[in-house]
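Below is one structure, written out as C-alpha cells; comments come after it.
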Amino acid sequence: MATVEVPKEQKVEPTTPAPAPSKPKTITLRISRFNPSEHAETKFEEFKIPVQKWTTVLEAILYVKQSLDHSVAVRYSCRQASCGSCGMKINGKPRLACYTKVSELESNVITVEPMNNFPIIRDLAVDFKQLFSTHKKMKPFIINEESEVQPGTKEFVQTPKDLEKFLQFSYCIKCGLCNSACPTMATDKSFIGPQGLAQAYRYTADNRDQGKKDRLKIVDQSHGIWRCHFAGSCSDVCPKGVDPAMAIQLLRGYMLGFRK
Amino acid sequence: MVPEYYLVIKMKESIIMKIHYGTALGAVALVAVHILMRLSQKFSDSLQYQNVLANYHFLPYALMLEVILILLSVHGFNGLRVILLELKQGVAYERAINYGSIVAMIVLVAYGSRTILMAGMGLS
Ligand code: SF4
Ligand code: FES
C-alpha cells in the first residue's frame, strides 16, 4: 500500500489561535465584621483574593470562607439574582453580591458591608424580619371572592395592557436593597418602605384584585406612603428594575383621586 | 360623643397631606399678591409706617393677611410635625408632636390675628 510522506517542516496551523488563559488578578477584599454577642464595634478585615474577569463579589466572599476564614457570615442561596438573599453594601452602594462582578467595580479594593437600615445578625447577614412582616401586611395576594376556579367558571382574562400596569412591580425578589437605600428609612424605623409600598401598588393595580380599599387604608397612616420624599434612591439600586419610587407615586395617584 | 380633638388627631394622613399641599398652593398665590402689592409703588415707600398701617385698615387686604397667616401656620407646623415624626418614633413622643403642632398652630394664628386686628382698629 502506498504511503504519503508529510515533510517534517510542514506544520498545520490552526486558523484562529486559542485564547491565552487570562491571568488572575489579586484584589483586596475588605469585609465588615460585627458580632453583636462578641464585639462592641464593627471592624474591617482585609483579604487578598485572586479574581478572574467573571468573578462575582459573592464568589470572592466564598473564597474567603473556603480558604482563609470560614467564620465570615454571609447569606446567599441561588447565586443568580433570583432569591434576594445576598444584598449588601458593596463599595458603598447596596447591590446583590451574586450579581456584581468584581471587574465592573473598577477598583482593586472592594469593601463589603451589611445593608443599612436593617439590624445586623452577624457580619454581612442582616435581619429581614421587618421587611417580611411589612410585606405581609400589604396583603401581597389577589383578593377576589370569585378567585376559586370552580366547575363552570373560567380564569380571569387579562389584556396585555392590564398586565403592563403591574408586571414590572411583580419582579420584586424581596432583596431589601431599596429599603437599605431609602433616606426616610434611615431615621423613620416605622416607615413602610419602598419594598412594601411597591407591592401594595402591584396588587392594587391588578385588575383581578378587589382589595384596593384595604391596601389604601393600610398605607394611609403617619408612617405610610406620605413619608416618601421621592429621593428615588430605591429605584436607583433595584437589581430587578422594579422602580419602587414610581410605584409609590402611582399609588399616591389613587389616594389623590388621579387614578381610579 | 366623640370629642372634637379626637376627630382632629384621628384625621387620615391623606386628608392632612391634602390640606398640606392645598395650603402650600394657597400661600404661594396669596404671598405673590402680597409681594405684587409692594411693587404697586416704590418698594421702600410701600414699607413706610403710614402705608403699612393703611394696608391693615383696608379690610380685604387685612383679610388676605389673615388667610396667609392661617395657611402658613397650618402648612409650616404640619411640615414640622412630619419632620419630627420622621426623626424619632414612639407612641408618647408622636402624640406629643401631634398635639403640640396643633397647639402651636392655634397660638401663632391667635397671636397674628391679634396683631392684624389691633393694627386694623388703630390700636398699638
Ligand atoms: S423593589 Fe427591587 S430592590 Fe426592592 S426588594 Fe424588590 S427587587 Fe429588591
Ligand atoms: S444569592 Fe440569590 S440573589 Fe444573590
Exposure ranking of A:Trp226, A:Trp54 by accessible area [1.4 Å probe, largest first]: A:Trp54, A:Trp226
With Cα atoms, 0 to 90° folded angle of helix A:244-255 axis to chain A main axis: 10 degrees
Per-residue ³J(HN,Hα) for the range B:81-93, Karplus 6.51 cos²θ - 1.76 cosθ + 1.60, θ = phi - 60°, Hz, x for Gly and Pro: 4, 4, 4, 5, 5, 6, 7, 8, 10, x, 4, 5, 4
A:Tyr201, A:Tyr171, B:Tyr56, reordered so the largest accessible area comes first (probe 1.4 Å): A:Tyr171, B:Tyr56, A:Tyr201
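Ranked highest first by average number of other Cβ atoms within 10 Å, how do A:24-33, B:36-45 line up? Spell out each step's value before the answer.
Values: A:24-33: 16.6, B:36-45: 10.7.
Final packing ranking: A:24-33, B:36-45.
Please average, across the residues of B:76-89, the number of beta carbons from any other chain that are within 10 Å of each residue's own beta carbon, and give a whole number. Working shown, then result.
Details: counts 0, 0, 0, 0, 0, 1, 4, 1, 0, 7, 12, 2, 3, 7.
The mean count of partner-chain Cβ atoms within 10 Å per residue comes to 3.
For the range B:2-124, what does the relative contact order come out to in percent, with C-alpha contacts under 8 Å and a separation of six or more?
32 percent
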Mean ellipticity per residue at 222 nm, deg cm²/dmol - from DSSP H runs of n ≥ 4 across chain B, formula -39500 (n - 2.57): -28000 deg cm²/dmol
Tensor-based shape of chain A (alpha-carbon gyration tensor, a/c under 1.5 rounded, otherwise prolate or oblate): oblate
Carbon + sulfur, % of accessible area of the protein assembly as shown - ligands and nucleic acids excluded, 1.4 Å: 60 percent
Relative contact order (%) - criterion: Cα under 8 Å, at least six apart; region: chain A: 16 percent
Sites A:Tyr63 and B:Ile83 - FRET efficiency at Förster radius 51 Å, r taken between beta-carbons, to 0.05: 0.65
Surface accessible to a 1.4 Å probe, A:Thr159 within the full protein complex, Å²: 70 Å²
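The values are calculated or read from the model by the stated rules, or taken from the named source; none is laboratory data. Computed from a predicted model, the values in this text were never measured in an experiment. Ideal geometry is used to build each Cβ from the backbone, glycine not excepted, and the neighbour counts take in all protein chains shown. Accessible surface areas use protein heavy atoms only, side chains included; no ligands, DNA or RNA. Shrake-Rupley method; radii C 1.70, N 1.55, O 1.52, S 1.80 Å.
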